[in-house]
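Taking it in order: structure first as structure tokens, then the write-up.
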Amino acid sequence: MGKPDAELDRDRRAFIKKVLNGTIAGSLLLVIPMPMGAATPELPEQIPGIRGKKWDLCSKRFAFIVDITRCIGCGSCCVADRREFNVPDGFYRTWVERYVKDFESQVYVDSPNGGFDGYQIPRTDLDVEIRDTFFVPKLCNMCKEPPCVQVCPVGATFKTPDGFILMDDKRCVGCGYCIQACPYSARFLHPVTRTAEKCTWCYHRVRKGLLPICVSVCPTGARKFGDLNDKNSEVYKLLHEHGVLSVLKRDMGTYPALYYMGLRREVV
Amino acid sequence: MDVINYIFPNDLHVHWSMMIVLYPYLTGLVDGSFIIAALYYVFGVKSLKPIARFSLVFALAFLSCAMFPLILHLGRPERNINMMITPSVSSAMAGAGYIYTVSITLIMLIVLFVYRPTLVKRRLESKGIMNILYRLLTVDSTNLSPEALELDRKIIKFLVAIGIPVASVLHGYVGFLFGGVKANPSWSTPLMPVIFLFSACVSGIAILILAYILIKKFTNQPVDAGCVRTCINVLAGFFILAFSFEMLEVFSHSYLKTWYHHSVEGLLNGPLFQSFWVWQVGICSVIPLLLLGWLCLTKLKDSVFKFFAVAVSFILLLQVLLMRWNVVIGGQLMSKSTRGYTEFHPEWLDKEGVLTVIVLMTLPFIVLYIMSKIFPLWLESEEGSS
């Protein structure tokens, strides 16, 4: 037999009370502002002079330096980038190329899966004596005179005053003209959104004082990023030292803000 | 896979495929047929009278379909109007919508003025919806007085005269879209707009000759041999210019031997050897050049002349299509790494596939057929009926 009616009513009342209390308490949690970052500890600032200040678009001049002599082709940058942006397979915001030279100065380049899996084994398809090998990470060059921005018919890709070339996927018509215009093949048409996409140098992280994700994960410091207006930054020092820094496809007249240290003449 | 072949990972896909081959091809046909109209209405080449009106309606039918491949090619076709409402002034492509609008408005106006006497006559004979349509097309005017017709003639001459630079811009601009891409060594040449323009004239005149003779043949109407001979002469002139510029581009660079040449020669002598040297240059340019020389410089019987006029026109239509293919698709086969080539395999049922190409190439002819019910293509049939 079941419980007497009075006892059932009491149970019901208690249940409804609990539900109501829970609902009210839950709603209050949503309404009352919680201290920011209480749940997740804030990452330490990686680019000085950004946190706690109003973002001044014109006060910073960012530069990216890739040190070829340090890259070990581990592919960490590619993995981090793919996770950060959910990049679809077969398309690349950043990739790492492997250059192999033989004693006849013939150059063999490959980049299987954009270097995502890391270069764990040597090339097996080459039947030559290898003289030299090195890795070259590639990404958006953030040109000062970007051809992609020039050709975009709707202004969906644009240059910010602090030097980033960004994409507005809400405006992009997917004509692909920017993909044709980029001399570095740093752009692709996203197969799902059907709009153009590219490396942003992690603008969303930089605005929070964090380094681009690929720079952050690089185990050898081959990728460097910083503000050229900050005389204490590593990029400022490197660009003002005697070391040789070059850019890709200089003849294109795009004036990249991506510099390469130890760039070899074989690299295109 | 060749061990030396290296393409940038993002260069595996050919982003501009057959729709972008078709777009310059369709606008080119418009330009060429407009040339014939211009020769008659502005420069007074009387022998072109039998196809002057046809060329205008033909141009309008093809121009009305010219934007479909462009819109179909877009990743987000529903946003196409953004190009006109929020254009970026620095972009060459932003001009597409405006140039197209000016062109189609102008050709529509020219057609309406040229056909005004016909439309007025038809209006007076028609009833119901057709009557309303004719009244709209004639702006409710029935004035066919000699003074009004003389004014019409002057307006037509003026509009067609404006049409010449507009048509040149329409197609030269298409060439510039490619010529302005410095990242692609096989495109970035100032000659590109010129090559596109002259090859457009060739394809347009060729398709007019082909359509004129075939339509007349199938409807058992006489073909005006004098008109075809004039068209072939004009075609020969434009083809000599087009082919010379195409070859000048290749040979001057192969003589200069700059970096440009070294990157393009591998493309032309490699993946494009068959479609460029064998088909575009050998079969579809040298043969028609010889045929055109024979047709223009010797006295042939009308029937023989017409047969070879059709043949040469057909080959030249193929030549221009191949040229568009070799520029648009061929140019993208070369990776910007300049170390390797990708491949392009056309698909049948893709949004930009072969079937779509067939539909889009058939569509202008259907439009032409429908338009011919309102704008009779041939002067003599109309004179016969009235």
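With (1) within 29 Å of B:Phe8 (Cβ to Cβ); (2) more than 14 Å from chain A (Cβ to nearest Cβ); (3) buried (at least 18 other Cβ atoms within 10 Å of the Cβ) as the list, and B:Leu291 as the residue in question, which single condition is left unmet?
(1)
From the residues in the stretch B:115-144 that are of a type in the set (A, V, I, L, M, F, W, C) and open to solvent by less than 20 Å² (accessible area, probe 1.4 Å), which one is farthest from the other protein chains (Cβ to nearest Cβ)?
Result: B:Val120.
Select, from B:Ile213, B:Ile209, B:Ile232, the only residue that is touching a Lys or Arg at 6+ places or on another chain (Cβ under 7 Å), closer than 21 Å to B:Leu26 by Cα and surrounded by 14 or more Cβ atoms within 10 Å (Cβ to Cβ).
Result: B:Ile213 is the single residue among B:Ile213, B:Ile209, B:Ile232 that is touching a Lys or Arg at 6+ places or on another chain (Cβ under 7 Å), closer than 21 Å to B:Leu26 by Cα and surrounded by 14 or more Cβ atoms within 10 Å (Cβ to Cβ).
Which pairs do you get when a residue that is free of Cβ contacts under 8 Å to residues at least 60 places away in the same chain, found in the stretch B:320-343, comes within reach of a residue that is of a type outside the set (Ser, Thr, Tyr), reach meaning Cβ atoms under 7 angstrom, with the pair 6+ apart or on two chains?
Filtered contacts from the stretch B:320-343: B:Leu322/B:Trp279; B:Leu322/B:Gln280; B:Leu322/B:Cys284; B:Asn326/B:Leu272; B:Asn326/B:Phe276; B:Asn326/B:Gln280.
Restricting attention to the stretch A:60-86, report how many residues are among the hydrophobic types (A, V, I, L, M, F, W, C) and assigned to a helix (DSSP H, G or I).
So the count comes out to 5.
Go through the stretch A:237-268 and give me each residue that's among the aromatic types (Phe, Trp, Tyr) and more than 17 Å from A:Thr133 (Cα to Cα).
If the condition is that a residue be among the aromatic types (Phe, Trp, Tyr) and more than 17 Å from A:Thr133 (Cα to Cα), then A:Tyr255, A:Tyr259 are the ones that fit.
Against the conditions (1) open to solvent by 30 Å² or more (accessible area, probe 1.4 Å); (2) aromatic (Phe, Trp, Tyr); (3) in contact with a Phe, Trp or Tyr (Cβ under 6 Å, 6 or more places away or on another chain), where does A:Phe91 fall short? Just the number, please.
(1)
Residue by residue, here is whether (1) more than 18 Å from the chain's Cα centre (by Cα); (2) more than 26 Å from B:Gly226 (Cβ to Cβ) holds:
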residue: B:Phe62; (1), (2): no, no
residue: B:Gly75; (1), (2): yes, yes
residue: B:Arg79; (1), (2): yes, yes
residue: B:Val89; (1), (2): yes, yes
residue: B:Met93; (1), (2): yes, yes
residue: B:Gly97; (1), (2): no, yes
residue: B:Thr101; (1), (2): no, yes
residue: B:Leu106; (1), (2): no, yes
residue: B:Val114; (1), (2): yes, no
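Could you run through the stretch A:47-68 and say how many residues are under 12 Å from A:Asn229 (Cβ atoms) and free of Cβ contacts under 8 Å to residues at least 24 places away in the same chain?
So the count comes out to 1.
When the stretch A:91-146 is examined, which residues are found to be assigned to a loop (DSSP other than H, G, I, E, B), hydroxyl-bearing (Ser, Thr, Tyr) and either in contact with a Gly (Cβ under 7 Å, 6 or more places away or on another chain) or at the interface with chain B (Cβ under 9 Å from one of its Cβ atoms) (or both)? Steps first, answer last, please.
If we filter the stretch A:91-146 for residues that are assigned to a loop (DSSP other than H, G, I, E, B), which is where we start, we get A:91-94, A:103-106, A:111, A:116-129, A:139-146.
Narrowing the set further to residues that are hydroxyl-bearing (Ser, Thr, Tyr) leaves A:92, A:94, A:105, A:111, A:119, A:124.
A:Tyr92, A:Ser111, A:Tyr119 - these are the residues of the stretch A:91-146 that are assigned to a loop (DSSP other than H, G, I, E, B), hydroxyl-bearing (Ser, Thr, Tyr) and either in contact with a Gly (Cβ under 7 Å, 6 or more places away or on another chain) or at the interface with chain B (Cβ under 9 Å from one of its Cβ atoms) (or both).
If you scan the stretch B:1-20, which residues turn out to be touching a residue at least 60 places away in the same chain (Cβ under 8 Å) and either more than 14 Å from every other protein chain (Cβ to nearest Cβ) or assigned to a loop (DSSP other than H, G, I, E, B) (or both)? Can you show your working first?
The first filter runs over the stretch B:1-20 and keeps only residues touching a residue at least 60 places away in the same chain (Cβ under 8 Å), leaving B:2, B:4-8, B:11-20.
Across the stretch B:1-20, the qualifying residues are B:Asp2, B:Ile4, B:Asn5, B:Ile7, B:Phe8, B:Leu12, B:His13, B:Val14, B:His15, B:Trp16, B:Ser17.
Regarding B:Ser285, is this residue of a type in the set (Gly, Ala, Ser) and surrounded by 18 or more Cβ atoms within 10 Å (Cβ to Cβ)?
Numbers: of a type in the set (Gly, Ala, Ser): yes; surrounded by 18 or more Cβ atoms within 10 Å (Cβ to Cβ): yes.
Yes; evaluated as a whole, the condition is true for this residue.
Pairs under 7 Å by beta carbon, first residue closer than 13 Å to B:Cys231 by Cα in the stretch B:37-56, partner open to solvent by less than 20 Å² (accessible area, probe 1.4 Å) and among the hydroxyl-bearing types (Ser, Thr, Tyr), six or more apart or different chains?
Filtered contacts from the stretch B:37-56: B:Ala37/B:Ser55; B:Ile51/B:Tyr212; B:Ser55/B:Ser33.
Suppose we keep only residues that are away from every other protein chain (no Cβ under 14 Å) and basic (Lys, Arg) within the stretch B:43-80. Which one would you say is surrounded by the fewest Cβ atoms within 10 Å (Cβ to Cβ)?
B:Lys46
Can you tell me how many residues within the stretch B:78-103 are within 20 Å of A:Gln180 (Cβ to Cβ) and in contact with a Lys or Arg (Cβ under 9 Å, 6 or more places away or on another chain)?
2
Going through the stretch A:105-146 one residue at a time, which ones are among the polar types (S, T, N, Q) and surrounded by 13 or more Cβ atoms within 10 Å (Cβ to Cβ)?
So in the stretch A:105-146, the residues among the polar types (S, T, N, Q) come out as A:105-106, A:111, A:113, A:120, A:124, A:133, A:141.
Once the filter is applied, which keeps residues that are among the polar types (S, T, N, Q) and surrounded by 13 or more Cβ atoms within 10 Å (Cβ to Cβ), the stretch A:105-146 yields A:Gln106, A:Ser111, A:Asn113, A:Thr133, A:Asn141.
So which of B:Ala242, B:Ala311 is under 16 Å from B:Met192 (Cα atoms), away from chain A (no Cβ under 14 Å) and part of a helix (DSSP H, G or I)? Walk me through how you get there before you give the answer.
Values: B:Ala311 fails: under 16 Å from B:Met192 (Cα atoms).
Checking each option against the conditions leaves just B:Ala242.
For the stretch B:81-91, which residues satisfy the criterion of being more than 7 Å from chain A (Cβ to nearest Cβ) and in a loop (DSSP other than H, G, I, E, B)? Before you say what the answer is, go through the steps one by one.
Looking only at the stretch B:81-91, we keep the residues that are more than 7 Å from chain A (Cβ to nearest Cβ), and these are B:81, B:84-85, B:89.
Those that are more than 7 Å from chain A (Cβ to nearest Cβ) and in a loop (DSSP other than H, G, I, E, B): B:Ile81, B:Val89.
Would you point out the residue of the stretch A:147-175, among those that are surrounded by 23 or more Cβ atoms within 10 Å (Cβ to Cβ) and not in a loop (DSSP other than H, G, I, E, B), that is farthest from the other protein chains (Cβ to nearest Cβ)?
A:Ile165
Please work out which residue is farthest from B:Ile51 (Cα to Cα), limiting yourself to the stretch B:105-142 and to residues that are among the hydroxyl-bearing types (Ser, Thr, Tyr) and in a helix (DSSP H, G or I).
Of everything passing the filter in the stretch B:105-142, B:Tyr134 is farthest from B:Ile51 (Cα to Cα).
Tell me, which residue of the stretch B:330-357 that is outside any helix (DSSP H, G or I) and among the aliphatic types (A, V, I, L, M) is surrounded by the most Cβ atoms within 10 Å (Cβ to Cβ)?
Here the answer is B:Met334.
So which pairs qualify, if the first residue must be in the stretch A:69-88 and among the aliphatic types (A, V, I, L, M), the second must be open to solvent by less than 30 Å² (accessible area, probe 1.4 Å), the Cβ gap must be under 6 Å, and the two must be at least 6 apart or on different chains?
Between residues of the stretch A:69-88 that are among the aliphatic types (A, V, I, L, M) and residues that are open to solvent by less than 30 Å² (accessible area, probe 1.4 Å), the close pairs are A:Ala80/A:Ile213; A:Ala80/A:Cys214; A:Val87/A:Arg93.
The values are calculated or read from the model by the stated rules, or taken from the named source; none is laboratory data. Owing to the predicted nature of the structure, the values given are computational and were not obtained by experimental measurement. Neighbour counts are summed over all protein chains in view; Cβ atoms, including those assigned to glycine, are modelled from backbone coordinates with ideal geometry. The area values use the complete protein model at the heavy-atom level, side chains included, leaving out ligands, DNA and RNA. Shrake-Rupley method; radii C 1.70, N 1.55, O 1.52, S 1.80 Å.
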